[in-house]
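Beneath this line is the structure, given in structure tokens, with notes to follow.
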Amino acid sequence: MLALIKREIRDHIVYFIAAAICSAIFIAMGLETVHEYNPRNPPVFPIGIGISLAAIVTAGICAMGATQMYFDKTRRVSALLSTRPVSRSMILLARIIAGLLAILTLLAPIAVATTILLRLFTPPIPMYSGLVWEIFTATFLLAFACYCIGLQTGWNTNALTPTLGALGLTCIFVPLILIKGPGLQIVVILQLFITASLVRTWNKFLSTPL
Amino acid sequence: MDENVIKIENLAKYFDGRCVLDGINLKVPQGCIYGLLGRNGAGKTTIIRILLGLEPATRGQTFLLDTESASLSPKVRGRIGCVAEGHNLIQNYKVSRLIKLCKDLSLQWNDEFFRLLIDTFNLPTDRRVRELSMGMRAQLNLALAMAIDPELLILDDPTLGLDTVARRQFLKLAIGLIQQKDRTILFCSHILSDVERIADRVGILAAGKLVVDCPLEELKERVKKLRVIFPESAPQNLYLTEMINQETQGREMVITVANWNRQKQAILETFKPSSCTEVPMSLEDIFIECTRPDSNSTES
Amino acid sequence: MQIRIDNASGRPVYQQIMDQIKRDIALGRLIKNEKLPTVRQLSGQLAINPNTIAKAYRQLEQEGIIVTKAGAGAFVANLDSNLSRAVRKRLISEELERIAVEAFHMQIDARTLLEWFNNAVDKFNLPSKKGQSNG
């Protein structure tokens, strides 16, 4: 199993590197904003960049899922692995774990950095203690949902369609989160979506002739 | 354990409404080398893919090592070595990386034997897989399949792209494997001379059916080709059971018959031929006769 | 031992092996009581299925041409053994009948056939009578 995960990571190392870089950029921007913070001059510009970057990152996460499945098909990875003593479930599980690790590479440092910053400085808007965790969970689930869309469609088509789908998903969910707050409802909806998506991918992957 | 390592029961497969396999029944006992023959597109690769669980059957069931093909667990897969058509290898990996991946994923791995094979085949490990010639990829596949010390070896056209020396090396490897206890080999090949050397049983696939399935040594004795000459023109109404082919030209008739016996001899003699000689049939001749579009079946 | 398989032949592989061993014995390349390679050895050397070789050896033993001794292997039989004489008679008679049929179909008369037969006998140095040898 470990060998499978290592293989996935090594084959898609580009995404991990990109995730680390984006993470670093987000943190740097956050530090910059905090450092330069001036109540009379709200940091519109960095926030604008932040949102654009978030959109790119969402597309990237989606692309990762799609690429993993697409490369499998074109490079016939599963066809080779099926001749070895691994089950298709294991192949898919290793793939999803690799995806989750990539998402964590992106989000975990940001979460850690945010928590540290909040300890050191008082935030401009009132925040309750669990907010960071809730935002992190909602963002993580959102990212995972985008990844699942990528997985689902990557098996058949190229990376473009799922990317658009993921952007659409982001456009729906981000306002929802901002309006309703990153609370339980969002988490439940996202979890349902993710479960349905994964089940569909699972069925499809396990029954496709290789 | 059932002594039949491979069991195929009433297998039928349709692709887009087109029937490729029409009721195949086959049993391969342990210790046997089974040669599956058939023309291109006859369905040999399809049977192997269904056996390995890569493709679902439309009807019927197949079993490998007493496990149904659709539910082969990793543990059972670990006992089966296979070389699939097209030599499924991840093209842009380096050979050494591919070897390490296969080694890490396998349940048992005979590294000494594998190194020996790599040396015998002269395979470079520092190149990418796509840079290897077709023959070298075939050899790599074979080495990867045999390194796991398999109880069952399933090979789809293993000598495709191999030169003469490499083919002989493969045959010796197969013999070496079968001499160990409890090993079985199923292989498809177009090189009939190779099949004749190493197979115990042969099966010939034609028109979706297994038209021949018997021990190899019996095949030549069972299928006979006779050149019959009649004093006047050859009779139009000569019919024998299990006649595979019949060609008439003037006074001469050439018939190919399965399971020749005294009764058929007697029937032939009622037509009063002036001479009847046997034409020796090589395995190639038998194969060509049996895979004609309008031939009949001769099962064991 | 050099054995060549003819894939164009109508004879099964095990019979071809038998034929060539018999020929080697008749030509003196294999002598009385000489040890034959084991099934394993021959199978590995020629890349031929061991069962085929085993069948050839079994048939040869049935015909009295070789003997297998448990644990020791297969040996060329002592050709003067009385036990196999009946078997040898049967086999040679079958071959002779086959030749006679072929000759009939090819319209070869008995005299010509006998002449050709004597040529073959001379080629292989068959003694005129049992116990003598041709000089």
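Some values worked out for this structure:
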read-out: Test: residue in segment B:73-81 that is buried (at least 16 other Cβ atoms within 10 Å of the Cβ) and under 23 Å from B:Asn122 (Cβ atoms); value: yes
read-out: Meets criteria (in the same structural domain as B:Leu123 (by TED's automatic domain parsing) and modelled with pLDDT of 90 or more) for B:Gln61; value: yes
read-out: Which numbered condition B:Gly17 fails, given (1) surrounded by fewer than 22 Cβ atoms within 10 Å (Cβ to Cβ); (2) within 14 Å of another protein chain (Cβ to nearest Cβ); value: (2)
read-out: Verdict on B:Ala70 being surrounded by fewer than 22 Cβ atoms within 10 Å (Cβ to Cβ), free of Cβ contacts under 8 Å to residues at least 24 places away in the same chain and among the hydrophobic types (A, V, I, L, M, F, W, C); value: yes
read-out: In segment B:204-243, the residues that are within 14 Å of chain C (Cβ to nearest Cβ), within 26 Å of B:Gly41 (Cα to Cα) and at pLDDT 85 or above; value: B:Cys214, B:Pro215, B:Leu216, B:Leu219, B:Val223
read-out: Matching residues, segment B:242-260, being under 29 Å from the mean Cα position of the chain (by Cα) and surrounded by 12 or more Cβ atoms within 10 Å (Cβ to Cβ); value: B:Glu242, B:Met243, B:Ile244, B:Asn245, B:Gln246, B:Val254, B:Ile255, B:Thr256, B:Val257, B:Ala258, B:Asn259, B:Trp260
read-out: Extreme residue, farthest from the other protein chains (Cβ to nearest Cβ), among residues of segment C:21-45 that are outside any loop (DSSP other than H, G, I, E, B) and farther than 21 Å from C:Ile92 by Cα; value: C:Lys35
read-out: Odd one out for C:Ile48, checked against (1) more than 8 Å from chain B (Cβ to nearest Cβ); (2) touching a helix residue (DSSP H, G or I) at 6+ places or on another chain (Cβ under 9 Å); (3) modelled with pLDDT of 90 or more; value: (1)
read-out: Looking only at segment A:76-119, and only at residues there that are basic (Lys, Arg) and closer than 21 Å to A:Trp202 by Cβ, the one that is modelled with the highest pLDDT; value: A:Arg95
read-out: Hits in segment B:1-46 - residues which are in contact with an Asp or Glu (Cβ under 8 Å, 6 or more places away or on another chain) and not β-branched (Val, Ile, Thr); value: B:Met1, B:Asp2, B:Ala12, B:Lys13, B:Asn25, B:Leu26, B:Pro29, B:Gln30, B:Gly31, B:Cys32, B:Tyr34, B:Lys44
read-out: Breaking point among (1) within 32 Å of the chain's Cα centre (by Cα); (2) within 14 Å of chain C (Cβ to nearest Cβ); (3) not in a strand (DSSP E or B), for B:Pro273; value: (1)
read-out: Segment B:159-215: number of residues that are free of Cβ contacts under 8 Å to residues at least 40 places away in the same chain and among the acidic types (Asp, Glu); value: 2
read-out: Unique match (being more than 14 Å from chain B (Cβ to nearest Cβ) and within 17 Å of the chain's Cα centre (by Cα)) among C:Met1, C:Met18; value: C:Met1
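The values are calculated or read from the model by the stated rules, or taken from the named source; none is laboratory data. No experiment lies behind these values; they were computed from the predicted model shown. Here the Cβ is made from the backbone with ideal geometry for all residues, glycine too, and neighbour counts use every protein chain on show.
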